[in-house]
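Accompanying notes for the structure given below.
The values are calculated or read from the model by the stated rules, or taken from the named source; none is laboratory data. Bear in mind that the values here come from a model prediction, so they are computed numbers and not experimental data. Methodologically, a virtual Cβ is constructed for each residue, glycine included, from the backbone with ideal geometry; neighbour enumeration extends over all protein chains shown.
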Amino acid sequence: MKKDIILCGVGGQGILSIATVIGEAATKEGLTLKQAEVHGMSQRGGDVQSNLRLSDGEIFSDLIPLGCADLIISMEPMEALRYLPYLSKDGVVITSSKPFVNIPNYPADAALEAALQALPKLVRADIETLAREAGNPKGANMVLLGMAAAHIGVVSTDDLRAALGRIFARKGEAIVAANLQCFDLGLSIL
Amino acid sequence: MGDEALALGALHAGLSGVYAYPGTPSTEITEFIQAHPLAQERGVHSRWCTNEKTAMEAALGMSYAGKRALVCMKHVGMNVCADAFVNSAVTGVNGGIVVVAADDPSMHSSQNEQDSRFYAKFAMVPVFEPATQQEVYDMMADAFAFSEKVGLPVVMRMVTRLAHSRAAVAVADKAAEPNALHPSEDRGWVLLPAIARRQYVKLIDKQKTLVEASEQSAYNRLVEPKAGAGAGSEDKPLQIVACGIAWNYVMEALQCGQVSARVLKVSQYPLPAAQLKALDEQGGEVLVVEDGQPVVEELLHAELSDKCTVVGRLTGALPRTGELTPDNVAAALGIVMPEGLPASEVLAARPPQLCPGCGHRDVYTALNKVMEEYPDGRVFGDIGCYTLGALPPFKTLASCVDMGASITMAKGAADAGVFPAVAIIGDSTFTHSGMTGLLDAANENTPITVVISDNLTTAMTGGQDSAGTSKFEAICIALGVPAEHVHVVVPLPANMEEITRIIREEINYKGVSVIIPRRECMQTLRRHLAKKK
């Protein structure tokens, strides 16, 4: 049993917090984990990604081979498309629907929409608006994690909730509650 | 994270000091030690150094005094500390020294792909090259002990994918005690020619011991193919030499595909001669899988006989440039991996860029405004966040070569007749390697304008302390730049008129001038404000 996940977005959007929560849940469940991150220059408003591999057996490569990812979890719709060659034929894309436009040649709405529609399995939502409406604008990434929860599989939704609580515990109960609310919002999006 | 495992391994091995200059992908090692309670409790030295050379030399001093020292840098830092590093093999060590060189194949955050194993071979010192985060941790205790046993510094070669990848690591219950103070009495530290000749012979004599240690190392092992496996397993199965992290990709591929192979895992150098002999006895094709440059592949052409055909990055079995991936390694093994979705056609590149509100932006706006008036002028750049000024929308920079080269290249270009010749360099880069170049220019009063864009931190690597903060005007004046030609400005759109006027005036001054635009980095400012709340 294994799960290969590509987390992606634009530098500063908080993809590593998603990885941290999933990783915490997986480690608690006794799964093996490898997670390759990007640091340094590319974090400055450029595209960023992290390879997260979970398994109940040994994991060799820190990187996910082409065509082997089960999930792409993206904080930005165009960034979700960047890693398609890594996604298996029946893989799922879970993404924010709201473009982050900080480049002059960002694709046109219609072209982006067509490309997303063509994906075999797509789950998307305007996570920023949802998080803002829930009173926690910084919780968009936890809405996205909630959307992905059912697809992660190797750890349960309850495990993820508990892990989220542990990760944010040092920031206080209010922050934990606000992030759990965002996570639960995400759970309801299918 | 691999870097964190390394840091913890060093602390648990009784480390007394880490000496480093920040550089991706090595920065987190020192940061981890700085934040660790055990380091604080024991008073382990962990303050950042001015550059890699001062780091290597200070570590050598700590070793002379009998204690264990760690030196950390990105691969190009090895160039900066090369003098001290190469000679540390001739002096030998007293307390153990581990030199961490974090290589960056694929140049994720670097200007070249140089392979630090070449440096170790050049200096004739052993290398440890871990494959997994667990090995990273385990190796630190062994590397320090080995360093003291053979009396040589040990190079720990990391690559980006291991440095910045996380996995669970089992750690020791108890940290070893640091060595007691026992300064060396050996005259071998005085490398006068007569002594250096004797020391060099000693170094040569140690080589046999190093090879024997590699042969017996638990990190090097020859794994025979599984019996009864499929294709490629006729009478002579494929032989693979997998170095460091390459082991992971080879294992991943062999797990997926129906290929059987005899794999020599190499994680300690010099190469284990006995195991190479075993490869030679079987003969046939030997695929060398190594991240970085074809160091081992080149060596094997000489080490193995005609019975073997050595293939790898040099022969095209693997790509000549770029990092290894599970995909290119699988392809080299002839294993067909599952196909993913086709690449999207609507993608646009998203290069990194300067943060909104960053002071470097205002510096480039001002420079571009003035330089428009001088189409023959050039702005020579340096290494840091502000290197992004080479990209749109600014496109200001004519060059970016190595730490400090902005000032010296501007000087050389000015000597050749380029006018105006402007250098732009960050605060941390200036103290790292820019000061000596400024002294050259000041001594000749070369007509260059040096912009020290001071954001009060080493920003590119995440905001580490910068060695010269609050000292820049004094440093420039002390190096011989006239005080009236050292200006400090605040890079903000509101001050554009003042800044452009000063740049214009100083360009027209026939000598060395320094302009210091000073405003805190947006990233560290945000963190400082959050802390205050």
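The helices (runs of 4 or more DSSP H) found entirely in the stretch B:1-84 that carry 1 or more residues being under 23 Å from B:Arg117 (Cβ atoms) are B:2-12, B:27-35, B:52-64, B:77-80.
I'd like to know if the stretch B:263-272 contains one or more residues that are at the interface with another protein chain (Cβ under 9 Å from one of its Cβ atoms), of a type in the set (A, V, I, L, M) and in contact (Cβ under 8 Å) with a residue 12 or more places away in the chain. No, that holds for no residue. With respect to the conditions (1) buried (at least 22 other Cβ atoms within 10 Å of the Cβ); (2) modelled with pLDDT of 95 or more; (3) within 26 Å of B:Ala253 (Cα to Cα); (4) more than 9 Å from chain B (Cβ to nearest Cβ), A:Ala25 falls short on a single one, namely (3). Across the stretch A:1-22, the qualifying residues are those that are small (Gly, Ala, Ser) and modelled with pLDDT of 90 or more, and the one among them that is surrounded by the fewest Cβ atoms within 10 Å (Cβ to Cβ) is A:Ser17. Considering B:Leu276, B:Leu271, the condition of being surrounded by 19 or more Cβ atoms within 10 Å (Cβ to Cβ) and either in a loop (DSSP other than H, G, I, E, B) or assigned by TED's automatic domain parsing to the domain that holds B:His108 (or both) is satisfied by B:Leu271 alone. How many residues, within the stretch B:363-395, are among the charged types (D, E, K, R) and crowded, with 23+ Cβ neighbours inside 10 Å? Of the residues in the stretch B:363-395, 1 are among the charged types (D, E, K, R) and crowded, with 23+ Cβ neighbours inside 10 Å.
Applying a threshold of 6 Å to beta carbon distances and a minimum spacing of six or more residues, or different chains, the list of pairs starting in the stretch B:201-219 at a residue that is farther than 18 Å from B:Ala123 by Cα and ending at one that is of a type outside the set (Asp, Glu) reads B:Glu215/B:Pro272; B:Glu215/B:Ala274; B:Ser217/B:Gln268; B:Tyr219/B:Ser267; B:Tyr219/B:Gln268. Selection within the stretch B:15-29: residues that are touching a Phe, Trp or Tyr at 6+ places or on another chain (Cβ under 7 Å) and more than 13 Å from chain A (Cβ to nearest Cβ). The member of this set that is nearest to B:Gln134 (Cα to Cα) is B:Ala20. Only one of the listed residues (B:Glu177, B:Glu113) is surrounded by fewer than 23 Cβ atoms within 10 Å (Cβ to Cβ), away from chain A (no Cβ under 14 Å), part of a loop (DSSP other than H, G, I, E, B) and within 14 Å of the chain's Cα centre (by Cα). That residue is B:Glu113. Going through (1) facing chain B (nearest Cβ under 7 Å); (2) more than 20 Å from A:Ile64 (Cβ to Cβ) one by one, A:Gly14 falls short only on (1). Which condition number does B:Glu185 fail, the rest of (1) of a type outside the set (Gly, Ala, Ser); (2) farther than 30 Å from B:Gly96 by Cβ; (3) in a loop (DSSP other than H, G, I, E, B) being met? Of (1) of a type outside the set (Gly, Ala, Ser); (2) farther than 30 Å from B:Gly96 by Cβ; (3) in a loop (DSSP other than H, G, I, E, B), only one is false for B:Glu185: (2).
Given the structure, is A:Val93 buried (at least 22 other Cβ atoms within 10 Å of the Cβ) and within 12 Å of the chain's Cα centre (by Cα)? Considered against the rule, which asks whether it is buried (at least 22 other Cβ atoms within 10 Å of the Cβ) and within 12 Å of the chain's Cα centre (by Cα), A:Val93 comes out as yes. If I filter the stretch B:421-442 for residues that are surrounded by fewer than 24 Cβ atoms within 10 Å (Cβ to Cβ) and assigned to a loop (DSSP other than H, G, I, E, B), do I get at least one hit? There is no residue in the stretch B:421-442 that is surrounded by fewer than 24 Cβ atoms within 10 Å (Cβ to Cβ) and assigned to a loop (DSSP other than H, G, I, E, B). Looking only at the stretch A:120-159, residues that are touching a helix residue (DSSP H, G or I) at 6+ places or on another chain (Cβ under 8 Å) and either within 14 Å of chain B (Cβ to nearest Cβ) or β-branched (Val, Ile, Thr) (or both) come to 9 in all. Just checking, which of A:Ser50, A:Ser61 is hydroxyl-bearing (Ser, Thr, Tyr) and more than 7 Å from chain B (Cβ to nearest Cβ)? The conditions single out A:Ser50.
Of the residues B:Gly322, B:Gly340, B:Gly357, B:Gly417, only one is surrounded by fewer than 22 Cβ atoms within 10 Å (Cβ to Cβ), of a type in the set (Gly, Ala, Ser), within 14 Å of chain A (Cβ to nearest Cβ) and without any contact (Cβ under 8 Å) to a residue 24 or more places away in the chain; which? Step by step, each of B:Gly322, B:Gly340, B:Gly357, B:Gly417 is checked, and only B:Gly340 is surrounded by fewer than 22 Cβ atoms within 10 Å (Cβ to Cβ), of a type in the set (Gly, Ala, Ser), within 14 Å of chain A (Cβ to nearest Cβ) and without any contact (Cβ under 8 Å) to a residue 24 or more places away in the chain.
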